[in-house]
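Enquirer: Here it is, the structure in full.
A short reminder: the numbers here are calculations on the coordinates, not readings from a lab. Please read these numbers as outputs of a predicted model, since none were measured by experiment. Every residue, glycine among them, receives a Cβ derived from its backbone with ideal geometry; neighbour counts consider all protein chains shown.
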Amino acid sequence: MPDKILIKNAHIVTMNSSLDFFKGDILINSSRIENISENIPGNENEEFDAQDFLVVPGFIQTHIHLCQTLFRNLADDLLLLDWLKEKIWPYESAHNPETLRLSTQLGLAELLKSGTTTILDMGTVNHQDVIFEELIKSGIRAFAGKTMMDYGAIPDGLQEKTHNSIDESVRLLKKWDGSADGRIRYAFAPRFAVSSTEELLRETGRLAHEHKTLFHTHSSENLGELELIKKRFGTRNINVFEKLGLAGKNLCLAHCIWLDEEEKQILKDHDIRVLHCPSSNLKLGSGIAPIPDYLKRGIHVSIGADGAPCNNNLDIFTEMRLAALIQKPVHGPQTMPALEAFKMATINGAEALGIENDTGSIEIGKKADLTFIKLNQVHSIPFDNVYSKIVYSTHAHDVEHVMIDGNWIVKDKKLLTIDEEQIFSNIESNVKRIQSYKY
Ligand SMILES: [Zn+2]
C-alpha cells in the first residue's frame with residue numbers, strides 16, 4: 001500500500017474549534033493527516049472517492065467492558081448490585097483465556113463496524129493479557145487495564161490480595177503500555193470503591209500519577225452502592241476519592257448519577273472526568289445522570305456504552321441519541337442539542353483520555369482516525385443540520401468504512417482485522433462453558 005492516501009470529495013465534519021463542515025479532500029501520510037482542503041491534487045497517491053459519505057472523526061467511547069460481550073442477553077432486568085452478584089461476577093469468574101478472547105473479539109467487531117475507533121476498556125480480573133493481544137490485532141486505539149477487586153463478598157475466582165492485584169497491574173502496564181506504536185495505553189482499573197480496600201485505591205492512584213496514566217473506575221451509579229459506601233466510609237463516593245488523594249483530571253468515573261452539591265464541586269475543582277452511559281443507566285434502572293447541570297458547571301463529560309449485558313449493544317449512535325433524548329422530558333427540548341451529544345462522543349472523549357492532540361477531530365497533524373457514514377439513506381435524509389442527522393437519524397449500519405492510524409480497519413462494511421465467521425462458529429459452545437461453570 002502506498003504511504004499516502006487521498007480521500008476525495010468527502011463531506012467532512014471536522015469538529016475543529018470552528019466546527020468546519022465542508023466538501024473536500026483529506027491527504028493522509030502514513031498514520032497522520034497531512035492536509036485538508038477543498039481540492040488537493042492527486043499526484044501518485046492512492047485515491048479514495050468519498051463523495052457518498054460523511055467523514056467524521058472516529059468515535060471515542062470512554063467506558064466499555066469487552067470481557068462482558070459474551071454475556072449479552074444473559075443478564076437482563078436486574079438492579080446493579082443483584083446484576084453484578086447474580087450474573088456478571090460469576091460469569092467473569094468463569095472466563096478462561098478462550099472465552100475471554102472470544103468476548104473481546106465480539107465486542108471489538110461490533111465497536112469497529114459501527115465506527116468507534118478509540119475506547120477506554122475496563123478489563124477483567126484474570127487473563128488480561130488476552131484482551132491486550134486482541135486490542136492490538138484489531139487495530140483499535142485503546143486504554144485498558146485489568147479490573148482490581150480486593151474487598152468484600154466477591155466470588156472466589158475474582159477475589160484478590162491487595163499486593164497481588166497491584167503487582168499484576170504493574171506487570172501488565174510494563175508489558176503493554178505504549179505498545180503498537182503508542183496505540184495501546186494502560187489504565188488502572190479498580191472496579192469501584194465498594195470492592196476495593198483503601199490501600200488499593202491509594203496505591204493505585206499513586207501509580208497512575210507516577211506512570212502518567214488514567215485511573216478508571218465506577219462511581220455513584222446506584223443508591224444501594226451509595227448506602228454501602230456510607231456504611232463503610234461514613235461519607236460519599238467522591239469524598240472518598242478526594243480523601244485518598246485520587247482527585248485529578250486522570251480520574252475517569254463512569255456514571256456519576258447520584259452526586260450531592262459538594263461532590264459536584266469536587267468534580268469541577270479537580271477537573272475529574274465523567275463517563276456518561278445513558279443506555280446502561282436506563283436499563284439497570286439506575287437513574288438519569290444530571291449531565292446538563294454538569295455541563296453548565298464546566299464539568300467534563302464524555303460517553304460510553306458500558307458493557308453488552310447492561311445495554312445490550314455497544315453502538316455509539318444509540319448512546320448519542322439517548323444522551324440527548326433522556327434529558328428533554330426533564331429539562332425541555334432545547335437541552336442537549338445534537339451537537340453536544342456528538343461532541344461528547346468525539347473531541348470530549350479524546351480530552352477525557354488526554355489524547356486530544358492525536359484524535360477526536362479531523363485536523364492537520366492528527367492521527368487519521370476516520371469514520372465514513374453513508375450520506376443518503378431513506379431513514380436519514382433530508383438534512384439541514386449535520387449533527388442532527390448523525391445523532392437523531394443515523395444508524396450504526398450506515399457506517400461503511402473505518403480507518404484508524406491511517407489503516408483501513410473496515411472497508412465496505414467488512415471487518416479486515418477480525419474473522420467474524422470464526423466468532424459465529426465459536427459462540428454457542430463458549431456461552432455454554434460460561435453458563436455451566438460451577439463456582
Ligand atoms: Zn461499567
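Enquirer: Compute the FRET efficiency between Glu199 and Asp412 as 1/(1 + (r/R0)^6), taking r as their Cβ-Cβ distance and R0 = 56 Å, and round to the nearest 0.05.
Expert: Calculated transfer efficiency: 0.60.
Enquirer: Using Cβ contacts closer than 10 Å as the measure, can you line up Ser196, Ser103, Ser388 from fewest to most?
Expert: Ascending number of Cβ neighbours within 10 Å: Ser388, Ser196, Ser103.
Enquirer: With θ set to phi - 60° and the Karplus curve 6.51 cos²θ - 1.76 cosθ + 1.60, what are the ³J(HN,Hα) couplings of segment 49-62 in order, to the nearest whole Hz, using x for Gly and Pro?
Expert: 7, 10, 5, 8, 10, 7, 10, 10, x, x, 6, 10, 10, 9
Enquirer: Please arrange His379, His127, His331 by counting, for each residue, the other beta carbons lying within 10 Å of its beta carbon, fewest first.
Expert: Placing the least packed residue first, the sequence is His379, His331, His127.
Enquirer: Does anyone have the angle between helix 162-176 and the longest principal axis of the chain? Alpha-carbon axes, 0 to 90°, nearest 10?
Expert: 20
Enquirer: Further question on the same structure: How tilted is helix 316-325 with respect to the longest principal axis of the chain? Cα atoms for both, answer in degrees (0 to 90, nearest 10).
Expert: Between the helix axis and the principal axis of the chain, the angle is about 80 degrees.
Enquirer: Another question, if that's okay. Provide the percentage of antiparallel DSSP beta bridges, counting only those with both residues in the chain; round to the nearest 5.
Expert: 45
Enquirer: If one computes the Cα centroid of segment 163-234 and of segment 141-155, what distance in Å separates the two points?
Expert: Going from one Cα centre to the other spans 7 Å.
Enquirer: While we're looking at this one, here's another question. For Ala254, what residues show an amide H to amide H distance below 5 Å, using hydrogens built from the backbone and excluding near sequence neighbours?
Expert: Result for Ala254 returns Thr217, His218, Ser219, Leu275.
Enquirer: Kindly express, to the nearest 10 degrees and within the range 0 to 90, the angle between helix 420-436's C-alpha long axis and the longest C-alpha principal axis of the chain.
Expert: Relative to the chain, helix 420-436 is tipped by roughly 10 degrees.
Enquirer: Springs between alpha-carbon pairs under 10 angstrom, Gaussian network model over the chain: which of Asn35, Asn126, Asn312 fluctuates most?
Expert: Looking only at Asn35, Asn126, Asn312, the largest GNM fluctuation is found for Asn35.
Enquirer: Here's something else I'd like to know. How do Glu110, Glu428 line up, fewest other C-beta atoms within 10 Å first?
Expert: Ordered by Cβ neighbours within 10 Å, fewest first: Glu428, Glu110.
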